[in-house]
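The values are calculated or read from the model by the stated rules, or taken from the named source; none is laboratory data. What you are looking at is a predicted structure, and each value in this text was computed from that prediction instead of being measured. Because the Cβ atoms are built from the backbone with ideal geometry, glycine has one as well, and the counts that use them run over all protein chains shown. The protein model used for the area step is the full one, side chains on, heavy atoms only, and it has no ligands, DNA or RNA in it. Shrake-Rupley method; radii C 1.70, N 1.55, O 1.52, S 1.80 Å.
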Amino acid sequence: MPNHQQLASTSSAGMPTTLWSSRFVFIMAAVGSAVGLGNIWKFPYITGENGGGAFVLVYLACIAIIGLPLMMSEVMLGRRGRKSPIGTMAAVANDEGRSKQWVGVGIMATLAAFIILSFYSVIAGWTMPYILSALKGEFSDISADNSGALFGQLLASPGQLLVWHSAFMVMTVLVSAGGVRHGLERAVTKLMPALFVLLLILVGYASTTGHFAQTLTFLFKPDFTALTAEGVLTALGHAFFTLSLASGAMMAYGAYLPQHVSIARTAVVVAIMDTGVALLAGLAIFPIVFANGLAAGEGPGLIFVTLPVAFGQMPGGGFFATLFFVLLLFAAWTSSISMLESLVSYLNEKGISRVKAAIGGGIAAWLLGITTVLSLNVWSEVTPLAMFSRFESKTLFDLYDYLTANIMMPLGALFIALFVGWKMQATHSRTELGAWHKVWFPIVRYLTPLALLTVFAFNIWGLAGLEAAWHWLTASGQG
């Protein structure tokens, strides 16, 4: 029997699969996949938009109900199949005597990851000119209007966006082409510790602003009057989005997990670290925002418009702005590597060398990303679904984001929960999860699908009914 120190294991199809060298490396890779722009860019501003502490509390509950059980499920499937997400779903469905149609779950996950990578690369590319601007001291005493104009000029320039999009995609392809040991492992074991160090330095600095206590109250003292029905759904949706679930990443990385490693304990560590990064990002950002009299709920512009103003008014602001945007770049880079891995591992199974698969997959995602670049400027008036009122102002970028985050990922996650909860033999999942199976099984069989159905239904049909029910419940409570 091969032990965990060896480079290869054997999948159910007899294909050799390179393994992570240790549990620590898998944790770094999984956390790297989970920690991205969603933690450092999106989590702080959606927390600000939804009232702070109450939203955080609901978000943590959703991580436990949806995020953790789904992560355990995906890693378990990946390790059983020892293949790409597509190959894994085909192999495991066959082992369980289930329909070949379940391979569609792997196809949907891989396609979602590909689409997300195409526009994620464009957004991640924004960090690069901001690093240069911070190094050159361009944020010093910058006004809110000038900061907005700086960001607007970047978005209005397809040439600039294309350059940075291309540079970021090259970075991603280079790591992926190196393989599991020489590419993925080397990247995550260096980038993730560096990311944590940078984040802790920024939190340390933020604690000196005099507004750290206000931030602690804002983040950790629940005020449920500030939470809306839409905020609950936002927390529910972000819980699985932030953990890179239903995009094939965890399934692909799970395929490289040594057999002796506990899936449940490892998934718990990953979920805690990912959530910790999101909370630390809030602790780093909000004291700076509050210290400069800025609004916590500034929306997506919080990072690229509001924070440069705050950094420009701080002693040593240029240095800390540089650290912050380097941190953002690292977080995006580790996530993009995992997104590309779903496709690369599949192409590799089909006999294409890893280098060619990485380059080919990267070029394809880069080409699709050009449509996102153009949708931010030249094609800003192009609204493919304008015939539908709720999409009348949606650009191609908005469409990609909505399609993946609101339809493909919730639907994919729902099918994964249904497969492991209802179609997979309990004896097999019990073997993989051990004592944790008793807790995991009823949650993933009943509670997780119900929560995902709720997210999916209201993403499709809107929030009108939920808002009415919410108002009725709150009114009844007051009565």
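To keep it simple, each residue is scored yes or no on (1) surrounded by fewer than 24 Cβ atoms within 10 Å (Cβ to Cβ); (2) over 24 Å from Thr404 (Cα atoms).
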{"site": "Leu279", "(1), (2)": "yes, yes"}
{"site": "Val289", "(1), (2)": "no, yes"}
{"site": "Gly293", "(1), (2)": "yes, yes"}
{"site": "Ile337", "(1), (2)": "no, no"}
{"site": "Leu343", "(1), (2)": "no, no"}
Q) Would you say Gly97 is open to solvent by 10 Å² or more (accessible area, probe 1.4 Å) and modelled with pLDDT of 90 or more? A) yes
(Q) Looking at the structure I just gave you, is Val75 surrounded by fewer than 24 Cβ atoms within 10 Å (Cβ to Cβ), assigned to a helix (DSSP H, G or I), modelled with pLDDT of 85 or more and not aromatic (Phe, Trp, Tyr)? (A) no
Q) Picking from Gly204, Gly210, which residue would you name as being out of contact with any Ser or Thr (no Cβ under 6 Å at 6 or more places or on another chain), free of Cβ contacts under 8 Å to residues at least 60 places away in the same chain and either within 22 Å of Phe324 (Cα to Cα) or of a type in the set (Asp, Glu) (or both)? A) Gly204
Q: Identify, from the list Thr383, Thr334, the residue that is part of a helix (DSSP H, G or I) and among the β-branched types (Val, Ile, Thr).
A: Thr334
Q) Taking region 240-262, which residues are assigned to a helix (DSSP H, G or I) and at pLDDT 80 or above? A) Ala249, Met250, Met251, Ala252, Tyr253, Gly254
**Q.** Residue that is among the hydroxyl-bearing types (Ser, Thr, Tyr), over 24 Å from the mean Cα position of the chain (by Cα) and not in a helix (DSSP H, G or I), where the choices are Ser133, Ser140, Ser147
**A.** Ser140
Q: May I ask you to verify whether Leu155 is at pLDDT below 90 and either touching a Phe, Trp or Tyr at 6+ places or on another chain (Cβ under 7 Å) or in a helix (DSSP H, G or I) (or both)?
A: no
Q: Read through the list (1) part of a loop (DSSP other than H, G, I, E, B); (2) open to solvent by 10 Å² or more (accessible area, probe 1.4 Å), then give the number of the only condition that Trp20 fails.
A: (2)
Q. Which of the residues belonging to region 202-218 are surrounded by fewer than 20 Cβ atoms within 10 Å (Cβ to Cβ) and closer than 15 Å to Thr47 by Cβ?
A. Gln214, Leu216, Thr217
Q: Mind counting the residues in region 143-181 that are open to solvent by 20 Å² or more (accessible area, probe 1.4 Å) and over 30 Å from Thr18 (Cα atoms)?
A: 19
Q. crowded, with 21+ Cβ neighbours inside 10 Å, modelled with pLDDT of 95 or more and closer than 23 Å to Val444 by Cα, is that true of Val31?
A. no
**Q.** First in region 168-197 and in contact (Cβ under 8 Å) with a residue 60 or more places away in the chain and at positive phi, second anywhere and part of a helix (DSSP H, G or I) and surrounded by fewer than 20 Cβ atoms within 10 Å (Cβ to Cβ), Cβ under 9 Å, 6 or more apart
**A.** Gly179/Arg354; Gly179/Val355
Q: Under 8 Å between Cβ atoms, at least 6 apart or on separate chains: pull out the pairs that start in region 342-366 with a residue that is under 15 Å from Ser166 (Cβ atoms) and end on any residue that is modelled with pLDDT of 95 or more and open to solvent by 70 Å² or more (accessible area, probe 1.4 Å).
A: Gly362/Val170
Q | Considering residues of region 295-309 that are closer than 21 Å to Gly51 by Cβ and more than 22 Å from the chain's Cα centre (by Cα) only, the residue least open to solvent (accessible area, probe 1.4 Å) | A | Thr306
(Q) Filter region 221-274 down to the residues that are acidic (Asp, Glu) and open to solvent by 10 Å² or more (accessible area, probe 1.4 Å) and list them by number. (A) Asp223, Glu230
Q | Residue check for Phe456: in a helix (DSSP H, G or I), closer than 18 Å to Ala64 by Cβ, open to solvent by 10 Å² or more (accessible area, probe 1.4 Å) and touching a residue at least 12 places away in the same chain (Cβ under 8 Å) | A | no
Q. In this structure, does Ala124 turn out to be touching a residue at least 40 places away in the same chain (Cβ under 8 Å), part of a helix (DSSP H, G or I), out of contact with any Phe, Trp or Tyr (no Cβ under 6 Å at 6 or more places or on another chain) and of a type outside the set (D, E, K, R)?
A. no
